[in-house]
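The values are calculated or read from the model by the stated rules, or taken from the named source; none is laboratory data. Model, not experiment: these values are computed from the prediction. FYI the Cβ positions are ideal-geometry reconstructions off the backbone, even for glycines, and counts take in every protein chain you see. What goes into the accessible areas is simple: the full protein's heavy atoms, side chains included, and nothing from ligands, DNA or RNA. Shrake-Rupley method; radii C 1.70, N 1.55, O 1.52, S 1.80 Å.
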Amino acid sequence: MGDRIPVHMNGDFQYDIVMEMTFDGLERELHEFGLQGRRICIVTDSNVAALYLNEVEAVVSRCCRETSHFIFPAGEENKNLDTVRSLYEVLIKRQFDRYDVLLALGGGVVGDLCGFAAATYLRGISFIQVPTTLLSQVDSSIGGKTGVDFDAYKNMVGAFHMPKLVYTNISALKTLSPEQFSSGMGEVIKHGLIRDASYYHWLKDHASMIHARDLEHLKEMVKISNHIKREVVEKDPTEQGDRALLNLGHTLGHAIEKLADFKLLHGHCVGLGCIAAMAISIHRGLIQEEELTRLYELMKDFDMPVTVSGLSSHDIVSLTKNDKKMDSGTIRFILLEQIGKAYVDKTVTEAEMSKGLIPILA
């Protein structure tokens, strides 16, 4: 039996996050839902399908009446309404009803898209998350945020829709490319910055074992990040208050991601955004300048970029006006009071954002 973290909303149990070292336990978990008479469609992308679809489909087929799959081309550029439309058409042709289930097998793009389709098909059907990337295991699979990009505006169309289960196979992290692994570390580091200074320092102390993808260290890291996100989401499931803290680095990070035409990975852009947010916090006298040096060192430990070239601060700041986190025309920006303690600030000016971007613009 693996580790299990229950997630609640308004005091009521919603789903478990289950951490195992293989996909074998997924059969046990699915049997708990009594899916024998239902159909399950596995939604995945072309990269993950080549690695895990056959194995997971074999497990799932033992738990339900009928198994099928929907594969779309890998890449953020395919996380859009056109792909969702194609999935709707498949589900309609296969006569999926509201008692049938979608299963997201893959990273954040797959989970976000599958979750959005589940939230909107027949006004909502059940779905299960089986995250296979570090970013999705520590962050995007947890909390019920779903969505797709619209005209390159990231996650502009979405819905809150809780999964029935998050099943995490830690060993899947062994097959990630170095770039995808380091991208996931952007969200991991963010968790330490906003909520847990001891975790942030633990990452530095154990960087060599994490970088080597030692499974026990990876499991501990995923588990701690899951606890952090679970605690924040439980207090604020629909992002009316504290859940916004999870957006540290995202306002400027999303702008960088779009201006780079999504050629930079999401977690890398979040990391760059965290540097900028820390720089603004330093300018405001909230934290010491040496903390920025420590952040640089930690990001370099995990081969994360600490600068970006070819972009202007004017363009980045201008694009933040399209951010989903706008509140009555004001950006809800996340700053740091200290390492492990973040807060929402609505007074960050464009000039401050420009100044905060100086350390990362090569």
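In the range 340-362, which residue that is of a type outside the set (Asp, Glu) and assigned to a strand (DSSP E or B) is most open to solvent (accessible area, probe 1.4 Å)? Among those residues, the one meeting the criterion is Lys341. Of the listed requirements (1) closer than 30 Å to Gly192 by Cβ; (2) not in a helix (DSSP H, G or I), Ile71 misses just one: (1). For Leu311, state whether it is within 19 Å of Ala197 (Cα to Cα), in a loop (DSSP other than H, G, I, E, B) and touching a Leu at 6+ places or on another chain (Cβ under 8 Å). No: the conditions fail for Leu311. Among the residues in the range 104-127, are any touching a strand residue (DSSP E or B) at 6+ places or on another chain (Cβ under 7 Å), more than 26 Å from Leu176 (Cα to Cα) and assigned to a strand (DSSP E or B)? Yes, the range 104-127 contains at least one residue that is touching a strand residue (DSSP E or B) at 6+ places or on another chain (Cβ under 7 Å), more than 26 Å from Leu176 (Cα to Cα) and assigned to a strand (DSSP E or B).
Can you find a residue that is open to solvent by less than 20 Å² (accessible area, probe 1.4 Å), on the phi > 0 side of the Ramachandran plot and either out of contact with any strand residue (DSSP E or B) (no Cβ under 8 Å at 6 or more places or on another chain) or outside any helix (DSSP H, G or I) (or both) anywhere in the range 324-334? Looking for residues that are open to solvent by less than 20 Å² (accessible area, probe 1.4 Å), on the phi > 0 side of the Ramachandran plot and either out of contact with any strand residue (DSSP E or B) (no Cβ under 8 Å at 6 or more places or on another chain) or outside any helix (DSSP H, G or I) (or both), one finds none in the range 324-334, hence no. When Tyr153 is tested against the conditions (1) open to solvent by 10 Å² or more (accessible area, probe 1.4 Å); (2) in contact (Cβ under 8 Å) with a residue 12 or more places away in the chain; (3) out of contact with any helix residue (DSSP H, G or I) (no Cβ under 8 Å at 6 or more places or on another chain), the lone failure is (3). Within the range 124-170, the set of residues being of a type in the set (S, T, N, Q) and over 24 Å from Phe33 (Cβ atoms) comprises Thr133, Asn155. For the range 212-227, the set of residues classified as open to solvent by 10 Å² or more (accessible area, probe 1.4 Å) and not small (Gly, Ala, Ser) consists of Arg213, Asp214, Leu215, Glu216, His217, Lys219, Glu220, Lys223, Ile224, His227, listed by residue number.
Close Cβ contacts (under 7 Å, 6 or more residues apart or on different chains) running from residues in the range 195-211 that are open to solvent by less than 50 Å² (accessible area, probe 1.4 Å) to residues that are of a type in the set (Asp, Glu) comprise Ala207/Asp301.
Among the residues of the range 237-260, some residue qualifies, meaning at least one is surrounded by fewer than 19 Cβ atoms within 10 Å (Cβ to Cβ), of a type in the set (A, V, I, L, M) and closer than 23 Å to Gly75 by Cα. Determine whether the range 13-27 contains at least one residue that is modelled with pLDDT of 95 or more and more than 25 Å from the chain's Cα centre (by Cα). No, the range 13-27 contains no residue that is modelled with pLDDT of 95 or more and more than 25 Å from the chain's Cα centre (by Cα).
Residue count for the range 20-39 under the criterion of being in contact (Cβ under 8 Å) with a residue 12 or more places away in the chain and either assigned to a helix (DSSP H, G or I) or of a type in the set (A, V, I, L, M, F, W, C) (or both): the result is 10. When Ile42, Ile17 are checked against the criterion of being assigned to a strand (DSSP E or B), under 26 Å from Gly267 (Cβ atoms) and in contact with a His (Cβ under 7 Å, 6 or more places away or on another chain), Ile42 stands alone in meeting it. Taken as a whole, the structure places Glu89 among residues that are more than 21 Å from the chain's Cα centre (by Cα), among the acidic types (Asp, Glu), loosely packed, with under 15 Cβ neighbours inside 10 Å and modelled with pLDDT of 95 or more.
Comparison of Ala244, Ala255, Ala172 shows that the only residue that is touching a Pro at 6+ places or on another chain (Cβ under 9 Å) and in a helix (DSSP H, G or I) is Ala172.
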